[in-house]
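Enquirer: Sharing a structure with you now.
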Amino acid sequence: MGKHVMQNLRAIFYFLLLVTAAFSAGAEPFSVGDVEAFEGTQVSGFLEVPAGTDAGSKIPITVIHGATPGPVLALLAGVHGYEYPPITALQSIRSEIDPTLLRGTVILVHVANLPSFLGRTIYYSPVDGKNLNRMFPGDPEGTLSQRIAHQITTKVIDQADYLIDLHSGDGNEALRPYVYMPVTGDTVFDQKIKGMAVAFGLDHIVIDTGPQYASGPSLFSDQTALVRGIPAITTETGQSGSNDPHWSELAKSGIWNVLRHLRMVPGVEVPNLGITWLTDYQVVKSPASGIFKPATKDGYTVTKGALLGVLVDFFGNEITKIRAPFSGVINYVISTPPVTKGEPVAMMSKIQGH
Ligand SMILES: [Zn+2]
């Protein structure tokens, strides 16, 4: 055989070797935008949010594609950019999950709302003044928050089998940890949601029956998943802008137990004992702009008419006292002075069976 023939045969041999290797490693990577991970690997990168009527942004994400096929769990952090513990928790999760032992795929959205995070704003984006968790499913032609929501909906939620949207008390909210457990009325579907809500391990679960299930835009990330047939919960761990490890550990241990519940990692689900089920949650809103002086604390149980706080004007004159609309538990209460008319001063729920 001539030299060229040998070279060609060798080239073909190495080509076949490469093809075989690619197939055995899982030929199809799992892609979220340009971030692609082959089976048994994890890759981090950015989901680009192109500029539109205002500047663009980017969303830091990690795709952990397990060695064995299984469900896709999407974990969103930083939808509100001042809610730090879930952001910290996902950084730990990224280094702790071993893709070679993972069944299925985990998509980590490290900071959904980078403009709000870097701008240190509560609730609203510093770019367009909008609340990202009221902008779903998003709009590619809209302002930045709407375009971020659109990217998360189409690139992350649409690929997920399960979703956890991880929040905490915002920079102004003293909050006792809880999970929002949506109830849709579909028994089989609701059992899947409940399985996640219980596995997350918090002892307060708010039964969430609406009103977001009305027709119209899905507004919330969890609702966006639900209308697509994807079980979803929203979790709240942390408060008042604190990034204390206690709060991020709470989020992290919740995620790990959901991973066990979904049989995506080895180990037995830790049972959640002693859950307090909460119903009829109500966000108590401020009747005027001014300064709120709380008279209660997160986690307290209060009776109907109990003083939640006093609203004063910018000179310190009392505008009104704000009282509990019913007997129940304080899920969160506003812990810093500024309030704008129509914004929350507290959230309360009734304790089921009381
Ligand atoms: Zn939030």
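Enquirer: What is the extension gain from LYS341 to ILE275, computed as 0.36 nm multiplied by their sequence separation minus the C-alpha to C-alpha distance, in nm to one decimal?
Expert: Values: separation 66, 0.36 × 66 = 23.76 nm, distance 3.42 nm.
Difference between extended and current length: 20.3 nm.
Enquirer: Which trypsin sites (Lys or Arg not before Pro) in segment 206-266 sit in a loop by DSSP (not H, G, I, E or B) and have at most 14 other Cβ atoms within 10 Å of their own Cβ? Don't jump to the answer; show the numbers that get you there.
Expert: Working: sites: ARG228, LYS252, ARG260, ARG263; in loops: ARG228, ARG263.
Answer by residue number: ARG263.
Enquirer: Which of these, PHE315, PHE189, PHE326, has the largest mean-square fluctuation under a Gaussian network model of the chain (Cα springs below 10 Å)?
Expert: Comparing PHE315, PHE189, PHE326 in the GNM, the peak value goes to PHE315.
Enquirer: How much accessible area per residue does segment 281-351 have, in Å², with a 1.4 Å probe?
Expert: Working: 3400 Å² over 71 residues.
That works out to 48 Å² per residue.
Enquirer: Is segment 165-281 rounded, prolate or oblate when judged by the Cα gyration tensor, a ≥ b ≥ c being the square roots of its eigenvalues, rounded requiring a/c under 1.5 and prolate requiring a/b larger than b/c?
Expert: Numbers: a/c = 1.68, a/b = 1.13, b/c = 1.49.
Taking the square roots of the gyration eigenvalues as a ≥ b ≥ c, segment 165-281 is oblate.
Enquirer: Continuing with this model, one more query. At 4 °C and a viscosity of 1.567 mPa s, what translational diffusion coefficient does Stokes-Einstein give for the chain, taking Rh as the Kirkwood radius over Cα pairs? Give it in µm²/s as a whole number. Kindly include the intermediate steps, with their values, before the conclusion.
Expert: Numbers: Rh = 21.6 Å.
Taking Rh from Cα pairs, D becomes 60 µm²/s.
Enquirer: I would also like to ask the following. At R0 = 22 Å, how high is the FRET efficiency between PHE46 and SER92 if r is their beta carbon distance? Nearest 0.05 is fine. Before the final figure, lay out each step's value.
Expert: On the way: r = 20 Å, r/R0 = 0.92.
Computed FRET efficiency for PHE46 and SER92 comes out at 0.65.
Enquirer: Please determine, in degrees from 0 to 90 and to the nearest 10, the orientation of helix 187-199 with respect to the longest principal axis defined by the Cα atoms of the chain, where the helix direction is its Cα long axis.
Expert: In the chain, helix 187-199 runs at an angle near 80 degrees to the longest axis.
Enquirer: Continuing with this model, one more query. Could you run the Karplus curve 6.51 cos²θ - 1.76 cosθ + 1.60 with θ = phi - 60° over segment 40-45 and give me ³J(HN,Hα) per residue in whole Hz, x for Gly and Pro?
Expert: x, 9, 10, 9, 10, x
Enquirer: Pick out which of GLY229, GLY238, GLY78 has the largest mean-square fluctuation in a Gaussian network model of the chain, springs linking Cα atoms closer than 10 Å.
Expert: Residue with maximal mean-square fluctuation among GLY229, GLY238, GLY78: GLY229.
Enquirer: Provide the packing ranking of 57-65, 179-187, 79-87, i.e. peptides ordered by the mean count of other C-beta atoms within 10 Å per residue, highest first. Can you show the working numbers first?
Expert: Working: 57-65: 23.4, 179-187: 17.7, 79-87: 26.2.
Result, highest mean Cβ count within 10 Å first: 79-87, 57-65, 179-187.
Enquirer: Another question, if that's okay. Amide H of GLY66 versus every other amide H placed in the peptide plane: which residues, excluding those fewer than 5 positions away on the same chain, fall under 5 Å?
Expert: For GLY66, the qualifying residues are GLY40, GLY104, THR105, VAL106.
Enquirer: Continuing with the same structure: Taking all pairs of different Cα atoms in segment 24-115, averaging 1/r and flipping that mean, what Kirkwood radius in angstroms comes out? Before the final figure, lay out the partial values.
Expert: Values: mean 1/r = 0.0734 Å⁻¹.
13.6 Å is the Kirkwood radius here.
Enquirer: Shifting gears a bit: What shape does segment 117-228 have by the C-alpha gyration tensor, where a ≥ b ≥ c are the square roots of the eigenvalues, rounded means a/c under 1.5, and otherwise prolate means a/b greater than b/c and oblate the rest?
Expert: Values: a/c = 2.02, a/b = 1.28, b/c = 1.58.
Note, shape of segment 117-228 comes out oblate.
Enquirer: Restricting to DSSP H runs of at least four residues, report the calculated mean residue ellipticity at 222 nm for the chain, -39500 (n - 2.57) per run over all residues, nearest 500 deg cm²/dmol.
Expert: Details: 7 runs with 85 residues, N = 354.
After summing the helix terms and dividing by the residues of the chain, the value is -7500 deg cm²/dmol.
Enquirer: Starting from the Cα of LEU118, move 7 Å in the Cα-to-Cβ direction to define the label point; list residues of segment 227-265 whose amide nitrogen is under 15 Å from there.
Expert: Within reach of a label on LEU118: no residues.
Enquirer: Show the residues, 5+ positions off or on another chain, whose built amide H is closer than 5 Å to the amide H of ASP170.
Expert: For ASP170, whose amide H was placed from the backbone, the distant partners under 5 Å are SER240.
Enquirer: Let a ≥ b ≥ c be the square roots of the eigenvalues of the Cα gyration tensor of segment 240-282; is it rounded (a/c under 1.5), or, if not, prolate (a/b larger than b/c) or oblate? If you can, show how the numbers build up before the last one.
Expert: Details: a/c = 2.49, a/b = 1.23, b/c = 2.02.
It is oblate, given that a/c is not under 1.5 and a/b is not larger than b/c.
Enquirer: If you average the sequence gap of Cα pairs under 8 Å that are 6 or more apart and divide by the length of the chain, what percent do you get for the contact order?
Expert: Numbers: 882 pairs, mean separation 50.3, N = 354.
Here the relative contact order equals 14 percent.
Enquirer: Continuing with the same structure: Magnitude of the Cβ-charge dipole of segment 139-178, K/R +1 and D/E -1, about the Cα centre, nearest 20 debye? Walk me through the numbers on the way to the answer.
Expert: Details: 3 positive and 7 negative charges, 21 e Å.
Using only the charged Cβ atoms, the result is roughly 100 debye.
Enquirer: With charges only on Cβ, +1 for K and R and -1 for D and E, what is the dipole size of segment 30-261 about its Cα centre, in debye, rounded to 20? Kindly include the intermediate steps, with their values, before the conclusion.
Expert: Working: 14 positive and 24 negative charges, 24 e Å.
It comes to approximately 120 debye.
Enquirer: Using a 1.4 angstrom probe with every protein chain in place, what is the largest-first accessible-area order of LEU250, LEU311?
Expert: Numbers: LEU250 45, LEU311 0 Å².
Order by accessible area, largest first: LEU250, LEU311.
Enquirer: Picking from THR68, THR340, THR279, which is most flexible by a Gaussian network model of the chain using Cα springs under 10 Å?
Expert: Taking springs between Cα atoms under 10 Å, the residue moving most is THR340.
Enquirer: In degrees, nearest 10, range 0 to 90: what is the angle between the Cα axis of helix 3-24 and the longest Cα principal axis of the chain?
Expert: Roughly 30 degrees between the two axes.
Enquirer: Also, I was wondering about something else. Taking amide hydrogens as modeled 1.01 Å from N in the peptide plane, which residues meet the under 5 Å criterion relative to LEU219, leaving out close sequence neighbours?
Expert: Here the answer is PHE136, since their amide H atoms fall under 5 Å of that of LEU219.
Enquirer: Oh, and also: Just for the chain, what percent of DSSP beta bridges are antiparallel, to the closest 5? Could the numbers behind the result be given before it?
Expert: Details: 47 of 70 bridges.
Here the share of antiparallel DSSP bridges comes out near 65 percent.
Enquirer: Among 48-54, 38-44, what's the highest-first ranking by average C-beta atoms within 10 angstrom per residue?
Expert: 38-44, 48-54
Enquirer: Could you tell me which trypsin sites (Lys or Arg not before Pro) in segment 288-348 are loop residues by DSSP with no more than 13 other beta carbons within 10 angstrom of their beta carbon? Mind showing how you got there, number by number?
Expert: On the way: sites: LYS297, LYS304, LYS321, ARG323, LYS341; in loops: LYS297, LYS304, LYS341.
Counting only loop positions with at most 13 other Cβ atoms within 10 Å, the trypsin sites (Lys or Arg not before Pro) in segment 288-348 are LYS297, LYS304, LYS341.
Enquirer: Right, next: Can you tell me the Rg and the Dmax, both Å, for the Cα atoms in segment 122-162?
Expert: That works out to 10.4, 32 Å for Rg and Dmax.
Enquirer: For segment 227-354, how big is the tail of P(r) above 25 Å, as a whole percent of Cα pairs?
Expert: Value for segment 227-354 (Cα pairs over 25 Å): 41 percent.
Enquirer: Where does helix 84-96 land angle-wise versus the long Cα axis of the chain, in degrees 0 to 90, nearest 10?
Expert: Orientation of helix 84-96: about 30 degrees from the principal axis.
Enquirer: Equivalent-ellipsoid semi-axes (√(5λ), Cα gyration tensor) for segment 281-351, whole Å, largest first?
Expert: On the way: eigenvalues 82, 23, 19 Å².
Working from the Cα gyration tensor, I get semi-axes of 20, 11, 10 Å.
The values are calculated or read from the model by the stated rules, or taken from the named source; none is laboratory data. These numbers come from a predicted model, not from an experiment. FYI the Cβ positions are ideal-geometry reconstructions off the backbone, even for glycines, and counts take in every protein chain you see. Remember, those area values only see protein heavy atoms, side chains included, never the ligands or the DNA or RNA. Shrake-Rupley method; radii C 1.70, N 1.55, O 1.52, S 1.80 Å.
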